Amino acid sequence: DLGEQPRQLADFAGHCETVAQIKAEAEGLHDRCGQVCEMYELLDLLDVKVPAADSVRLDDLKETRAAFDEKVAEAEQEIASKMAGFASSLDKSIATLDEDLMSVLASLHSGDFVNPDADPRLVLEQLQGVSQNLEELSEKGETYKQMQETFSVPVTDFTQLRDTAAEHAAKLEMWQSFASWNEMQQGWKSADFKQLDVEAVVQEVAAAHKAVYQASKRARKSGAQDLVGSRLQGLMEGFQAALPVLQDLGNRSMQERHWQRIFDRLGEPLPDQVFTLDQLLSYGCLLHADFIAEVSATASGEAGLFQLLSKIKATWAETSFVTINHRDQDDLWILGGVDEVVVSLEDSQVSLQTILASRFVGGIRQEVEEWEIKLGLLSDTLDEWLACQRSWMYLENIFSAEDIQKQLPAEATKFMKIDKFFKDRMRKCNASPNVIEQVTAPKLLDTFVDANKQLDEIQKSLEDYLETKRSAFARFYFLSNDELLEILSQTRDPHAVQPHLMKCFDAVKKLTFGDGDDAHVMTALNSAEGEVVPFSSPPIAEGAVEHWLLAMQDAMVSTLHESSRACLEALQSMAKEDWYFAFPAAPVIMVGCIEWTLGVEAALVKMRETSEKDALAGFNRDWIDCIGGMVELVRTQLPPLHRKILAAKLVIDVHARDTVETMLNMGISWVNDFEWQRQLRYYWEADVDDCIIRQTNTRFQYGYEYLGNSMRLVVTPLTDKCYMTLTGALHLGMGGAPAGPAGTGKTETTKDLAKALARQCVVMNCGPDLTAKMMSQFFAGLAQAGAWACFDEF
C-alpha cells in the first residue's frame, strides 16, 4: 500500500523497499502504456474509426496512469520526509549492536574461557551459548547492512562483529583441542599397552601440537595472553618428552622375556593379563629410559635375526630332492641334480654364521645352534649319499653279471646288502623328498658312512681282482676297468668276447670258432679287411678268459711265424702271381723285404769280389720289372683283398727301388757303406730260425703281431730319418720324440715303424685328466706285453 504510514524501523525499511520495487516495475508499464497511446494516435491520424469501447478504455488507461504516478510521488515524498528520523534510529540500533558485541568479546576474555584449570567440557557448553548469541547478533548486523543499502546511506563495516566471531572461533578451537587432548590421552593411558599403536600416537601428538601451536601463535599476534594455549602446549610437550620411551616400549618386537626384564627393573611384577600406559608411567618407566632403550634395541635385533632364521626354516620346508628313474626300471630311483640343494645349503650356513656372530643372538641361540647342527648333518650326509650313489651306480652294473658274482662271492654278498639299503632309501626319498626330513632320519649318516667304507673295500677288492687278470694277460692293462669288466662278465660265452677283441688286438676283428663239439676251438683270425688266417695249432677257448686269450696270442705268433717261414720257402718255387696271394699279407710283405735285402747285398758282394760292376744296377732292373708285373696285375680284375696286398707291397717296393737308385747315384759298392747300413734291412737268420731286422748298428726280432691286410705309409727321406732315430733310441733303451706341427705324420710314422717290426703299438692321447695311477698301469702293461707306446700331446 503506497499510502502506508510505518512507525517501526523495520517496517519503514520494508516500505522503502516496496516503493522502490513498485517504481522499478512501473517503468516497464509506462513504456507499454506510451506505445498504446501512440498506436491510437496513429489510427486517428489515418482516420481509422476506433470502436467506442476502445476509446473508453483508452481514456481509463490514461486516468489510471496519472493517478498511479501521483500516488508514487506522494509515497516518495512521505519517505523523504521521514528518512532522517529513521536513519538516526538505525544508527542507534547499530551502536547498540556494537555494544552487545563488545560485551560478548569481553566475556570471552574473562571467566572460564581464560582459566586453564576449567573443565573443557563445561567451557565448550558455554561457548555453544556464545555461539548462538553471535549468530543472532550476526543476523542483526546483516539486517542493518541491508537497511543502510535501502536508505542509501554509507554501509557500516561491522569490524567488531568479525573480531568477536574470530575470537570466539579461536577459543572454540583451543578448548576443543584441550578436550580432544584430554580424551586422547585418557584413551592411550587406559588401553591395553600391547595393543596400542605407538607410532599412530606419535603422529596424533605431533598433529595436535602443531594445531595448538598455530592457535597460540595467532593469539599472541592479537596481543592477548593465552594461558589456556600455554597450558595445553605444556601438557603436550611434557607428553612428547615421554614419547621416545613409549616408542621403545611399543616396539612390536618385544617378547615376554623382554617385558619381564623391564618389569624387574621397575620393581613390579609382570601382569598376567594386560597392563596400561598409565600403569607404566606410574611405575616410573621414564626414569629408566636408557635401560628400556637397550632392551628395545635388543628386541629389534633379535627380531631381525628371528626373521632371518624363519626364512632359513621356510627355505628348507620347501626344498626337496629331485629323484629320477634309473635305467627306466620300475621303482628304482637315484638322486637327480642337487645344485639347488647345495646353493641353499651354502646360503643358509652363511646366514646362520651371521646370526651366531650377532650380539643379539642370545634369545634364539639354542634354536640357531640346532639348525647349525642340522645343516652340518645335511652337508655330511649329502656328501656321503652322493659318494654312495656314484659307487653304487658303478658297481651295480658290474655285480649284476653272474660271472662276476661267482668270481667275487664275498664282495657280491657285501654289495647285495648295500644294494638293498640304497634302493630302499631311494624309494623312501622318492615318496617323501623333503631334504631335511630325509637327512634327519635316525643314523642315516652312520649307515651311509659304513656303506661307503664297504663300497671302498669292494672296489679295492675289485681292483686287486682286475690286477690279477691284467698280470695274467698284459694287454688288459691297456683297457679301462669298465672295458675289462665287460669282457670278464662274459667269460662263459667266448663268442660274447668277440666285440672286445680289437681293444686287445688292433687287427683282429673276430675269431672263427668250430662247430658242434669244437665250438670252443678257435680256428682262424679274421681282420677288419676280411682276411682270414687259419691257426696252425688251434687254441681252445676254455677256462678263464685271460688264459685262453693268452693262448690265442701265442697261437697268433706261432701261426704267423710258421706262415712266414713257409712263405719264404715258397718264394723260389712259386710263380710270383700265385705267391702274392698264397699267404697272409704280413708274411708276404715281410718276405718281400727279406728278398730285397738279400738281393741288394748279393749284388754289392758281386761288385766288390768280382769285376761285375753293374750287378746292383742289374738287380734294380729286375726289381723294377717285378714292380711292373705287380702294376700289370693290379690293373686286372682282382678281389679287394688281393688288391690291398699288392697296394701295400707296391708302396714298400717303390721305396726300395728309390733307395737302390740313390745308392747307384752315390756309387755305393759295399755292404758296410753307411748309405746301405742306414736302411731298414730284413734277414731270416737260420741260427735263430727267425726274421731279424737291422738298421745301422741296431738289431730287432720280428714281432709277429697280426697286422691284418692294412695299408702302409709312403716312405719319404724324412720317414727314413725318423726310423733311424727311433731304432737307434730303442737300441740304447731310450725313447724318441718326433716333433713338428699338427697333422704332419708323427704318430703315423711311429705306428708304421711298429708295423714294419710287427710290434703292438698302443696310442695314448694325453690330457689333463691323466693320473699317476693311470700312467703306472699303462707302463706296467707296456713292460709286461713288450708293446710300444705312442704318447700324443704328451
**Request:** Would you grab the residues whose amide H sits under 5 Å from the one on V763? Only those 5+ places off in sequence or on another chain, please, with H modelled 1.01 Å from N.
**Result:** C790
**Asked** Around S537, what is the net charge, scoring Lys/Arg as +1 and Asp/Glu as -1 over all other residues with Cβ under 11 Å from its Cβ?
**Response** -2
**Asked** Once the Cβ-Cβ distance between V532 and S300 is put in as r, and R0 is 56 Å, what FRET efficiency do you end up with, to the nearest 0.05?
**Response** 0.05
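Please go through the residue pairs K503/K649; K313/K443; K644/K755; K417/K773; K613/K721; K576/K613 and name each one whose alpha carbons sit more than 18 Å apart in this structure.
Details: K503/K649 27 Å; K313/K443 22 Å; K644/K755 16 Å; K417/K773 30 Å; K613/K721 29 Å; K576/K613 28 Å.
Going by Cα-Cα distance, K503/K649; K313/K443; K417/K773; K613/K721; K576/K613 fall outside the 18 Å limit.
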**Calculated from backbone phi, Karplus (6.51, -1.76, 1.60) coupling profile of the range 320-336 in Hz, x at Gly/Pro** = 10, 6, 9, 10, 10, 5, 9, 6, 6, 9, 5, 6, 10, 10, 9, 6, x
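At a threshold of 8 angstrom on Cα-Cα distance, excluding pairs fewer than six apart, so keeping six or more, what relative contact order does the range 299-455 reach in percent?
Values: 126 pairs, mean separation 52.2, N = 157.
Relative contact order comes out at 33 percent.
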**Asked** Under a 5 Å amide H to amide H cut-off, with H placed in plane at 1.01 Å, what residues pair with T323 once short-range neighbours are removed?
**Response** G336
**Item:** Per-q log10 I(q)/I(0), the chain, q = 0.07, 0.08 Å⁻¹ (Debye; single scatterer per alpha-carbon; no solvent)
**Value:** -0.84, -0.95
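Determine the shape class of the range 393-534: with a ≥ b ≥ c the square roots of the Cα gyration tensor eigenvalues, call it rounded for a/c under 1.5, and otherwise prolate if a/b is greater than b/c, oblate otherwise.
Note, shape of the range 393-534 comes out prolate.
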**Item:** 24 Å Cα-Cα reach of K311 towards lysines, excluding residues that sit fewer than 8 places from it in its own chain
**Value:** K374
**Request:** Enumerate the aspartates and glutamates that K751 could reach by cross-link, defined here as Cα to Cα under 13 Å, with residues fewer than 8 away along the same chain left out.
**Result:** D506, E705, D792
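Below 11 angstrom from the Cβ of A297, what's the summed charge of the other residues (Lys, Arg +1; Asp, Glu -1)? Before the final figure, lay out the partial values.
Values: positive: R359; negative: D248, D290, E294, E302.
So the environment of A297 carries a net charge of -3.
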**Complete:** For the chain, the longest principal axis of the Cα atoms and the Cα long axis of helix 159-190 enclose an angle in degrees, to the nearest 10, of 50 degrees
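Below 8 Å, C-alpha to C-alpha, sequence gap of six or more: please give me the relative contact order for the range 521-619 in percent. Before the final figure, lay out the partial values.
Numbers: 82 pairs, mean separation 16.6, N = 99.
The normalised contact order for the range 521-619 reaches 17 percent.
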**Request:** Can you tell me the 0 to 90 degree angle between the C-alpha axis of helix 772-785 and the longest principal axis of the chain, rounded to 10?
**Result:** 20 degrees
**Request:** Work the Kirkwood hydrodynamic radius out for the range 679-794: mean of 1/r over every pair of different alpha-carbon atoms, inverted, in Å.
**Result:** 15.5 Å
**Message:** In whole percent, and with a 1.4 Å probe on the protein chains, what portion of the accessible area of the range 399-541 is carbon and sulfur?
**Reply:** 51 percent
**Request:** Report, in whole Å, the centroid distance computed from the Cα atoms of the range 363-418 and the range 254-274.
**Result:** 52 Å
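Rounded to a whole number, what % of the accessible area of the range 718-794 do carbon and sulfur atoms account for, probe 1.4 Å? Don't skip to the answer; put the middle values down first.
Working: 2600 of 4300 Å².
The nonpolar share, carbon plus sulfur, comes to 61 percent.
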**Request:** Express the relative contact order of the chain as a whole percentage, based on alpha carbon pairs under 8 Å and six or more residues apart in sequence.
**Result:** 7 percent
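Once you sort the root eigenvalues of the Cα gyration tensor of the range 541-652 as a ≥ b ≥ c, which label holds: rounded (a/c under 1.5), prolate (a/b larger than b/c) or oblate (the other case)? Mind dumping the intermediate values first?
Details: a/c = 3.39, a/b = 1.71, b/c = 1.98.
Verdict is oblate for the range 541-652.
Could you state the accessible area per residue of the chain in Å², with a 1.4 Å probe and every protein chain left in place? Display every interim value, and only then the final one.
Working: 41760 Å² over 794 residues.
Accessible area per residue, the chain: 53 Å².
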**Complete:** Calculated from DSSP helices alone, with each H run of at least 4 adding -39500 (n - 2.57) and the total divided by the residues of the chain, [θ]222 nm to the nearest 500 comes to -23000 deg cm²/dmol
**Asked** Which whole-Hz ³J(HN,Hα) couplings does the range 636-646 yield from phi under the Karplus relation 6.51 cos²θ - 1.76 cosθ + 1.60, θ = phi - 60°, glycine and proline marked x?
**Response** 8, 6, 10, x, x, 5, 5, 5, 5, 4, 5
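To the nearest whole percent, what portion of all C-alpha pairs in the range 244-395 is separated by more than 19 angstrom? Walk me through the numbers before you get to the answer.
On the way: 7435 of 11476 pairs.
Beyond 19 Å sits 65 percent of the P(r) for the range 244-395.
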**Prompt:** Nearest 10 degrees, 0 to 90: what angle lies between the long axis of helix 198-221 and the longest principal axis of the chain (Cα atoms)?
**Reply:** 40 degrees
**Fill in**
The correct ranking of K171, K613 by accessible area at 1.4 Å, largest first, is K613, K171
**Whole-Hz couplings from phi, Karplus 6.51/-1.76/1.60, listed for the range 739-756; x for Gly and Pro** = 10, x, x, 5, x, 9, x, 4, 5, 5, 5, 4, 5, 6, 5, 4, 4, 4
**Item:** Cα-based convex hull, the range 582-740, per residue volume (Å³, whole number)
**Value:** 143 Å³
**Asked** Hey, which aspartates and glutamates would be in cross-link range of K509, C-alpha to C-alpha under 13 Å, not counting anything within fewer than 8 residues on its own chain?
**Response** E529, E531
**Prompt:** T276's amide H: which non-local residues (gap 5+, or another chain) put their own amide H closer than 5 Å, with H modeled 1.01 Å from N in plane and none for Pro or chain starts?
**Reply:** F193
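The values are calculated or read from the model by the stated rules, or taken from the named source; none is laboratory data. The shown structure was predicted, so the numbers you read here are calculated from the model rather than taken from an experiment. No Cβ is skipped: glycine too gets one built from the backbone with ideal geometry, and neighbour counts run over all protein chains shown. Note: accessible area is taken over every heavy atom of the protein model, side chains too, but ligands, DNA and RNA are not part of it. Shrake-Rupley method; radii C 1.70, N 1.55, O 1.52, S 1.80 Å.
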